[in-house]
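The values are calculated or read from the model by the stated rules, or taken from the named source; none is laboratory data. These figures come from a predicted structure and were not determined experimentally. Every residue, glycine among them, receives a Cβ derived from its backbone with ideal geometry; neighbour counts consider all protein chains shown.
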Amino acid sequence: PAALNSLDTFTEEEQMLRETVQRFAKEVVAPKVREMDEKEKMDPAVIQGLFDQGLMGVEVSPDHGGAGMSFTSAIIAIEELAKVDASVSVMCDVHNTLVNTILRKYGTTAQQELWLPLLATKDLGSFCLSEPASGSDAFALQTRARKDGDHWVIDGSKMWITNSAEAGVFLIFANTDPSKGYKGITCFITSAPIEGLEVAKKEQKLGIRASSTCTVNLHGLRLHEDSIIGGIGRGYKIAIQILNEGRIGIAAQMLGLAQGAFDNAVPYTYQRSQFGQPVGTFQGMAFEIARRAVAIQSARLMTYNAARRKEELDRRGAEDADAIAAFAKDAAMAKYWASVVAQDVSGAAIEWMGGVGFTREVGVEKFWRDSKIGAIYEGTSNIQLQTIAKFIQKQYS
Ligand code: CAA
Ligand code: FAD
């Protein structure tokens, strides 16, 4: 595993963060993974630990209580957590790459001063875009916001909302002017609990079971106009621009998961002997293992390349459409490919361990269950392919 981590493009600060997260994942998360999976509940001590380690404000400036680190640092944290538990990883991912980033990029100074210190130190965030009738077709959302004096009244229902059972901050996408189609979508922020916002049905899932995924019903939720982020009608652009970045986070989650499954299964193949030799040394097994090492490395290079490209874009303050397109395409490719690799590697890892791999006690089967979500959330694999294809068509026609 050490050799696979030998990209030398990380700063000293990023390397140190990796070691810190590895320690936290090993000492605090690992002992609770199986229990959290079986109880379908995140341990509050793990959430507290994420805040205490500074992992919930990785890019948030120290003035706002954060660590002021790079985007790549956030990606490193997500990857390292996923090597141990994909649920803890996605909690950190949504909070940092979606919620914090929207405030850092589009919030007013007053909004940043109000929300970022809470998000960096104690309140978990959630991102409410999807609805029962709009998943891939996210901009067809039916949640409506109606103006009432200097307030907006929001009605609708959000589905599949990660972190919602534990969250204290909700970002909500609602349409303020359906006559404008998706150009009426507006982003609101609220703390919770609050009258008019109900965290309802909690899903029972195949994987990432410790991560809460609930319906969020909005019945006459009354928010002051200061709760709008980025301006009326800017919500669709904010959502997709943030998802372009967030997809690199999911790529990192899937990368970490693939590496975690590999690290857990491969040593066993050299300990377990059949026909008088370690099973991992049969050429049929050795080549399978080698192929998966190549696949993980390709996902790693694509993920970190997309992360660095995003940082470069930020440095240049680029509004330039070609640069944004190139980055969005790289992000979609990284998310798509890392999800393929995660499913493939975690599935193979079970087989490498034979019957032992199939038991819950050993935990390799959990990597495989958790891997399925990579091809679904933050845009399904088909949506990533469609995004990539659109950019290719633009470039070549
Ligand atoms: N980057 C930037 N802008 C984009 C874009 C991209 N990748 N894709 C579309 N757009 C813009 C277009 O430029 C256009 O804007 P303008 O009108 O201002 O030019 C606008 O969006 C509409 O474009 P299209 O007609 O091409 O888009 P569409 O309506 O067919 O689909 C989409 C757009 C909804 C973004 C779709 O491509 C998509 O990504 N769907 C998946 C939704 C998703 O990722 N949901 C995730 C929910 S959060 C989550 O899942 C978190 C979690 O689990 C952990
Ligand atoms: P659909 O859009 O109905 O897709 C069904 C199938 O049709 C898929 O295979 C899809 O690829 C395919 N398909 C759809 N359109 C096309 C097309 N144009 N071309 C080709 N194929 C197509 N959302 C949030 O807003 N916030 C969250 O925190 C969040 N967390 C989630 C956590 C979990 C565990 C899950 C399961 C979902 C979460 N989501 C969240 C929602 C997630 O983003 C959506 O599930 C996802 O975007 C897919 O939408 P859908 O489930 O409605 O599937």
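Here Ala110, Ala74, Ala45, Ala30 are screened, and the one residue that is in contact with a Gly (Cβ under 9 Å, 6 or more places away or on another chain) and either at pLDDT below 95 or not basic (Lys, Arg) (or both) is Ala74.
Here Gly66 does not fit the description of being more than 22 Å from Ala299 (Cβ to Cβ), in contact with a strand residue (DSSP E or B) (Cβ under 8 Å, 6 or more places away or on another chain) and more than 16 Å from ligand 2 (Cβ to nearest atom). Comparison of Gln283, Gln259, Gln274 shows that the only residue that is closer than 30 Å to Met302 by Cα, without any contact (Cβ under 8 Å) to a residue 40 or more places away in the chain and among the polar types (S, T, N, Q) is Gln283.
Residue-by-condition table, conditions (1) under 25 Å from Met42 (Cα atoms); (2) within 12 Å of ligand 1 (Cβ to nearest atom); (3) not aliphatic (A, V, I, L, M):
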site: Ala174; (1), (2), (3): no, no, no
site: Ile185; (1), (2), (3): no, yes, no
site: Leu221; (1), (2), (3): no, no, no
site: Asp226; (1), (2), (3): no, no, yes
site: Gly235; (1), (2), (3): no, yes, yes
site: Ile240; (1), (2), (3): no, yes, no
site: Arg247; (1), (2), (3): yes, yes, yes
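Residues in region 196-215 that are of a type in the set (Val, Ile, Thr) and under 11 Å from Ser126 (Cβ atoms) were compared, and the one that is nearest to the chain's Cα centre (by Cα) is Thr213.
Just one residue in the set Arg247, Arg291 is surrounded by fewer than 23 Cβ atoms within 10 Å (Cβ to Cβ), at negative phi and among the basic types (Lys, Arg); that residue is Arg291.
Residues of region 364-397 that are over 22 Å from Ala326 (Cα atoms), surrounded by fewer than 19 Cβ atoms within 10 Å (Cβ to Cβ) and more than 11 Å from ligand 1 (Cβ to nearest atom): Arg369, Lys372. Here Tyr377 meets each of (1) of a type in the set (Ser, Thr, Tyr); (2) away from ligand 2 (no atom under 16 Å from the Cβ); (3) not in a helix (DSSP H, G or I) with one exception, condition (2). Evaluated against (1) buried (at least 21 other Cβ atoms within 10 Å of the Cβ); (2) more than 12 Å from ligand 1 (Cβ to nearest atom); (3) among the β-branched types (Val, Ile, Thr), Thr359 falls short on exactly one condition, (1). Just one of the listed residues (Gly246, Gly233) is away from ligand 2 (no atom under 14 Å from the Cβ) and closer than 22 Å to Ile324 by Cβ, namely Gly233. Condition check: within 9 Å of ligand 1 (Cβ to nearest atom), among the β-branched types (Val, Ile, Thr) and either at pLDDT 95 or above or crowded, with 24+ Cβ neighbours inside 10 Å (or both). Does Thr190 satisfy that? Judged against the criteria, Thr190 is not a match. Scanning region 109-136 for residues being without any contact (Cβ under 8 Å) to a residue 12 or more places away in the chain and either away from ligand 1 (no atom under 16 Å from the Cβ) or over 25 Å from Tyr182 (Cβ atoms) (or both) gives a total of 2. Hey, could you check region 297-336 for residues that are aliphatic (A, V, I, L, M) and surrounded by 22 or more Cβ atoms within 10 Å (Cβ to Cβ) and say which is nearest to Ile75 (Cα to Cα)? Restricting to residues being aliphatic (A, V, I, L, M) and surrounded by 22 or more Cβ atoms within 10 Å (Cβ to Cβ), the top hit is Ala307. Scanning for something among the hydroxyl-bearing types (Ser, Thr, Tyr), in a strand (DSSP E or B) and under 22 Å from Asn100 (Cα atoms), does region 211-232 turn up at least one residue? The answer is yes, given that some residue of region 211-232 is among the hydroxyl-bearing types (Ser, Thr, Tyr), in a strand (DSSP E or B) and under 22 Å from Asn100 (Cα atoms).
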